[in-house]
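What follows is a short report on a single structure.
We did not get these values from a lab; they are worked out from the coordinates using the rules stated. Quantities reported herein were computed from a predicted structural model and do not represent experimental measurements. No Cβ is skipped: glycine too gets one built from the backbone with ideal geometry, and neighbour counts run over all protein chains shown.
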Amino acid sequence: MTNALDILTLRAGYGAINVLWDVSLSVETGKTTVIVGPNGAGKTTLLRAIMGLVPATAGDIRVDGQSRKAMKTWDRVADGVVMIPEGRMIFPDMTVEDNLMMGAFPPGCRRDWKRNKAMVMDMFPRLAERRGQIAGTLSGGEAQMLAIGRGLMEQPRVCLIDEPSLGLAPVVVDEIFRILARLRAEGLTILLVEQNTSRALKIADHVYLMQSGKVVLSERGDRVDLERLHALYFAHETAA
Amino acid sequence: MLELTLQALFSGLLAGGYYATVAVGLALVFGTMRVINLAHGELVLLAAYVAYAAETNYGVNPVMAIPVALVIVGTASAIVYALLSRINQDREINSLILTFGLGIILTNAILSIWAADIHSTSDPWFQDSMVIADTLFAMNAEVAAFIGGLVLMAGVWWWLNHSWQGRAVRALSSNRAAATLMGVNPRKIEILSFLIAALLATFAGFAIYTGKTVFPALGHVLTVKAFIITVLAGMGSIPGVLIGAIMIGVIESLTVTYLSASLQELAGMILFLVVLFVSPSGLFGGGRALAR
Ligand SMILES: Nc1ncnc2c1ncn2[C@@H]1O[C@H](COP(=O)(O)OP(=O)(O)OP(=O)(O)O)[C@@H](O)[C@H]1O
Ligand SMILES: [Mg+2]
């Protein structure tokens with residue numbers, strides 16, 4: 001069976017500054033793959049390269065075995081590769097409902113937008129209560145739920161989620177991870193970037209550790225030893 | 001005295017209607033591309049001269065020439081977009097220089113084809129006046145332009161709020177990367193906004209030709225006016241632009257009635273400066289063009 005996503009010796013960066021150095025990793029269909037790593041490791045850059053928001057200068061990006069390196073971002077989205085970005089990036093001047101409808105913008109998603117919206121509203125009752133509210137007035141947790149809901153409206157084949165728990169209160173973090181666990185149980189293919197290592201490991205089928213633009217550890221989720229991971233994590237931090 | 005004031009207010013209101021159609025086009029393009037199209041007024045002018053040519057050279061009612069004008073102005077607008085989208089360095093300043101230059105080229109092309117004379121329609125229906133509530137006078141053309149402008153802007157407003165593409169326009173003006181992540185191709189949306197700006201400009205051009213007078217230097221005046229209105233309104237929304245446009249129209253009309261026609265442009269500019277001084281983000285705050 002082919003993987004949902006294969007990254008092969010990928011290099012990418014910002015103009016003259018290269019960030020990713022021959023990154024290779026795979027995301028198995030229907031599984032949750034987690035990337036952990038310190039600030040500045042290049043996790044967000046990797047997700048942006050997968051979306052085509054930063055250009056890949058070498059290597060390849062394959063979705064279901066087919067190269068997507070030359071595709072434009074919006075075509076990758078239409079193809080089912082969806083990113084729920086770091087910092088949520090909701091549209092603050094639009095209503096909650098309009099934000100969700102933007103998620104259904106890819107032509108293939110428009111037909112079922114009502115059904116998908118009902119599904120999202122069912123998953124996030126708080127959003128249902130606030131459907132007419134301007135999104136910029138939502139709390140951090142609600143905004144993150146909206147960002148996830150909007151991503152689900154895009155009918156993802158592969159869903160890239162960048163630090164969904166960042167800056168949220170502990171109870172809200174619990175809620176976000178409950179939702180991620182539910183999505184995993186429903187069989188969504190997820191590539192999750194998280195700094196909250198211990199929480200992320202509980203829902204990980206596979207874990208990668210990134211440091212300085214490289215993958216330094218690849219391990220099955222149930223085999224990862226949190227202490228060893230943290231040792232590696234901080235070994236780098238103190239060395240740097 | 002009261003009657004004179006009421007008439008001035010009414011005329012200002014009518015003028016504000018077509019000013020708003022010019023300004024909404026400018027604001028729409030600014031929203032999607034973050035570019036002030038300094039050739040926007042010249043697009044309006046181009047439409048007005050198509051109406052003039054249709055009437056004088058071909059003897060047809062200007063209204064019948066609207067489809068032709070739409071094609072010509074739409075093409076001109078698309079060319080402006082094509083040139084703008086090639087800029088990849090120092091976009092802010094280079095786009096201003098480019099569109100300013102394109103405006104000069106358009107003005108001079110019009111000047112060399114139609115000379116510097118002042119024109120207006122010779123069709124009597126447009127110039128006939130109607131009386132409203134026994135005291136207020138207006139030309140048929142002014143009333144038609146006002147109502148048509150409102151309908152057109154209501155249509156654009158509806159489109160922005162309730163269509164897939166319109167929502168994408170708002171998303172793009174709010175956060176470009178996020179819109180792209182929703183599957184929006186920014187170039188498609190940008191060209192669409194240029195075409196809708198061309199539609200509004202064409203309408204405004206016909207309104208001016210039938211209800212006012214046209215001359216080659218007018219394009220520049222309209223660009224400045226549209227810019228002032230857009231900034232005045234804080235670029236917040238179509239209703240905001242409409243209110244800003246009516247304010248400019250009314251101030252101008254009161255100035256013409258009570259002071260002097262030569263101070264008309266100055267009055268709008270002073271209002272603009274006062275509003276910016278008191279409230280730097282415009283009357284309705286915001287800053288994101290047509291986000292609501
Ligand atoms: N727009 C940019 N232009 C230039 N360099 C950038 C840009 N964005 C990120 N970088 C650099 O790329 C490197 C990787 O950043 P990236 O955001 O991918 O890290 P990250 O692992 O997501 O970190 P965090 O956990 O803080 O989100 C950093 O050194 C950063 O300074
Ligand atoms: Mg990051």
Set A:LYS43/A:LYS117; A:LYS114/B:LYS188; A:LYS43/A:LYS72 screened for pairs whose C-alpha atoms are more than 22 Å apart: A:LYS43/A:LYS117; A:LYS114/B:LYS188
Candidate lysines - alpha carbon under 17 Å from A:LYS31, same-chain residues fewer than 8 apart omitted: A:LYS202
Please report the equivalent ellipsoid semi-axes of segment B:1-144, computed as sqrt(5 x eigenvalue) of the Cα gyration tensor, largest first, in whole Å. 33, 21, 12
Hydrodynamic calc, segment B:2-278: Kirkwood Rh from Cα pairs, then Stokes-Einstein at 37 °C with viscosity 0.692 mPa s, so D in µm² s⁻¹ is 172
Relative to a virtual label point 7 Å from the Cα of A:THR29 in the Cα→beta-carbon direction, which members of segment A:176-202 show backbone nitrogen distances below 14 Å? A:187-190
Using mean Cβ contacts within 10 Å as the protection proxy, how do A:140-150, B:24-34, B:59-69 order, highest first? B:24-34, A:140-150, B:59-69
How big is the charge dipole of chain A about its Cα centre, in debye rounded to the nearest 20, if each Lys and Arg gets +1 on its Cβ and each Asp and Glu gets -1 on its Cβ? 440
Ignore the peptide's own chain and count Cβ atoms of other chains within 10 Å of each Cβ in B:160-167; give me the average, rounded. 3
Under 10 °C and 1.306 mPa s, how fast does chain A diffuse according to Stokes-Einstein, given a Kirkwood radius computed over C-alpha pairs? Answer in µm²/s, whole number. 87
How high is the FRET efficiency from A:TRP21 to A:ARG126, r the C-beta distance, R0 45 Å, rounded to 0.05? 0.65
Between B:THR213 and B:VAL274, what length in nm is gained on full extension when 0.36 nm per residue of separation is reduced by their alpha carbon distance? 19.0 nm
At 37 °C in a medium of viscosity 0.692 mPa s, the protein assembly as shown has a Stokes-Einstein diffusion coefficient, with Rh taken as the Kirkwood radius over alpha carbon pairs, in µm² per second, of 127
Distances over 19 Å make up what percent of all Cα-Cα pairs in segment A:90-155? 19
Could you tell me how far the Cα centroid of segment B:112-155 sits from the Cα centroid of segment B:88-110, in Å? 30
Within the protein assembly as shown: Cβ-based charge dipole about Cα centre, in debye rounded to nearest 20 (Lys, Arg +1; Asp, Glu -1): 1340
I'd like the orientation of helix B:66-84 relative to chain B: the angle between its Cα long axis and the longest Cα principal axis, in ° from 0 to 90, rounded to 10. 40
Please work out the FRET efficiency for the pair B:ARG91 and B:SER163, using the Cβ-Cβ distance as r and a Förster radius of 41 Å; give the result to the nearest 0.05. 0.90
If you average the sequence gap of Cα pairs under 8 Å that are 6 or more apart and divide by the length of segment A:90-155, what percent do you get for the contact order? 56
Can you tell me, using C-alpha contacts under 8 Å and at least 6 residues apart, the relative contact order of chain B as a whole percent? 37
Suppose each label sits 7 Å from its Cα in the direction of the beta carbon; what would the B:ASP117-B:LEU150 distance come out to in nanometres? 3.6
When chain B is treated as a GNM, springs tying every alpha-carbon pair under 10 Å, which of B:GLU190, B:GLU92, B:GLU142 comes out with the largest mean-square fluctuation? B:GLU92
